[in-house]
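Below is one structure, written out as structure tokens, with a few remarks after it.
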Amino acid sequence: MSGTETTGIATASRAEYCVVACAEAWRDAGEILASPMGTVPAIGARLARLTFSPDLLLTDGEALLMGDTPALGSGPGSVEGWLPFRQHLTLTATGRRHVMMGASQIDRHGNQNISCIGDWSRPTRQLLGVRGAPVNTLNNPTSYWVPKHSERVFVEHVDMVSGVGYDRAAAAGPSATRYHRISEVVSNLGVFDFETPDRTMRLRSLHPGVSVEQVAEATGFALTVPGEVPLTRDPTEAELRLIREIIDPKGLRDREVPA
């Protein structure tokens with residue numbers, strides 16, 4: 001499996017394809033808060049802001065809204081607002097946010113677990129806890145980032161529901177489904193969505209160098225697979241320059257997704 005693919009005169013790494021796929025989650029999003037969790041999503045959100053989504057709001061990871069788009073790991077050169085935690089929660093409840101969370105487990109319906117592994121009453125592993133995942137998923141567009149696609153993450157049933165999937169939202173009724181939307185799941189192997197009649201996970205695109213068989217073997221349930229699966233789009237030369245020279249000159253993306 002190749003770690004790099006050719007685009008124009010440049011060579012894009014697998015990590016850079018993942019960055020572009022994450023950035024696409026915020027395409028034409030307008031003036032909303034992008035909340036990327038993880039190195040590659042953070043680069044993707046910055047890339048989206050510098051290209052096709054200039055109105056995105058980004059924080060410094062704490063309480064400042066950044067007026068510019070600094071390199072990953074650098075502080076903002078200008079600040080355009082203050083967003084302390086209590087105001088962040090208020091913004092989340094109003095739907096003006098698109099978060100890209102991680103997932104320790106995710107199932108075919110989009111239910112996500114970041115709380116514990118094993119039976120809830122006696123878990124074998126304690127994780128982050130539910131945190132804000134229910135409010136995120138019921139009030140805002142939500143996407144997920146999985147840097148290492150495996151059967152341990154893509155499971156038939158999550159051990160505990162943190163982020164709400166399509167089946168549970170439907171069972172809860174209109175109050176849960178009104179604003180519920182899982183935009184996409186990006187992994188180191190491809191991009192996935194829930195654009196199927198029964199709202200179960202579909203393979204939307206493969207990163208170059210990855211086969212449908214590889215994805216199926218690394219997934220613990222049967223995916224919906226179209227007759228022809230497109231490749232994740234190539235990053236443009238301008239996007240590669242932004243990623244490599246402006247946003248992530250230290251190459252932190254390759255630590256999260258090795259070639």
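Could you compute the FRET efficiency for A238 and A259, with r as their C-beta to C-beta distance and R0 at 22 Å, rounded to 0.05?
Details: r = 22 Å, r/R0 = 1.00.
Efficiency, rounded to the nearest 0.05: 0.50.
Please work out the FRET efficiency for the pair E156 and D68, using the Cβ-Cβ distance as r and a Förster radius of 45 Å; give the result to the nearest 0.05.
Numbers: r = 44 Å, r/R0 = 0.99.
For E156 and D68, the calculated efficiency is 0.50.
For the range 194-242, what is the relative contact order in percent, using Cα pairs closer than 8 Å and at least 6 residues apart in sequence? If you can, show how the numbers build up before the last one.
Numbers: 39 pairs, mean separation 19.8, N = 49.
With pairs under 8 Å counted, the relative contact order is 40 percent.
HN-Hα J couplings of the range 53-64 from phi, Karplus 6.51/-1.76/1.60, θ = phi - 60°, integer Hz, Gly and Pro as x?
9, x, 8, 4, 9, 10, 9, 7, x, 10, 9, 10
Can you give the helix-only mean residue ellipticity at 222 nm for the chain, where every DSSP H stretch with n ≥ 4 adds -39500 (n - 2.57) and the sum goes over all residues, rounded to the nearest 500 deg cm²/dmol? Kindly include the intermediate steps, with their values, before the conclusion.
Numbers: 9 runs with 65 residues, N = 259.
Computed mean residue ellipticity for the chain: -6500 deg cm²/dmol.
Which of the peptides 175-186, 221-232 is most tightly packed, and how do the rest follow, going by the mean number of other Cβ atoms within 10 Å of each residue?
Numbers: 175-186: 19.2, 221-232: 13.3.
Listed from highest to lowest mean packing, they are 175-186, 221-232.
Using 0.36 nm per residue, how much length does the chain from S211 to R178 gain when fully extended, once their Cα-Cα distance is taken away? Write out the running numbers ahead of the final one.
Details: separation 33, 0.36 × 33 = 11.88 nm, distance 3.58 nm.
Stretched out fully, the S211 to R178 stretch lengthens by 8.3 nm.
Which of the peptides 108-118, 14-24 is most tightly packed, and how do the rest follow, judged by the mean count of other Cβ atoms within 10 Å per residue?
Result, highest mean Cβ count within 10 Å first: 14-24, 108-118.
Express the accessible area of the chain per residue in Å², computed with a 1.4 Å probe while the remaining protein chains stay in the model. Working shown, then result.
Working: 12150 Å² over 259 residues.
Using a 1.4 Å probe on heavy atoms only, each residue of the chain averages 47 Å².
Using a Gaussian network model of the chain whose springs link C-alpha atoms within less than 10 Å, name the residue from G61, G44, G220 with the highest mean-square fluctuation.
G61
Multiply the residue gap between D167 and K148 by 0.36 nm, knock off their C-alpha separation, and tell me the result in nm, one decimal place. Present the calculation step by step, with values, prior to reporting the outcome.
Numbers: separation 19, 0.36 × 19 = 6.84 nm, distance 2.50 nm.
Difference between extended and current length: 4.3 nm.
What nm value, rounded to one decimal, do you get for the distance between I246 and V225 when each label is placed 7 Å out toward the C-beta?
Between I246 and V225, the label points sit 3.8 nm apart.
Along the range 235-242, what does the Karplus equation 6.51 cos²θ - 1.76 cosθ + 1.60 (θ = phi - 60°) give for ³J(HN,Hα), rounded to whole Hz, x for Gly and Pro?
3J(HN,Hα) across the range 235-242, in whole Hz: x, 6, 4, 5, 5, 5, 5, 4.
I need the peptides 239-250, 125-136 ranked by packing, meaning the mean over residues of other C-beta atoms within 10 angstrom, with the highest value on top. Each step should come with its number before you reach the end.
Working: 239-250: 18.1, 125-136: 15.7.
Sorting 239-250, 125-136 by mean packing, highest first, produces 239-250, 125-136.
The values are calculated or read from the model by the stated rules, or taken from the named source; none is laboratory data. These numbers were taken from a predicted model, which means no experiment stands behind them. Cβ sites come from the backbone with ideal geometry, for glycine too, and all protein chains shown count toward neighbours. With ligands, DNA and RNA removed, areas are computed over all heavy atoms of the protein, side chains included. Shrake-Rupley method; radii C 1.70, N 1.55, O 1.52, S 1.80 Å.
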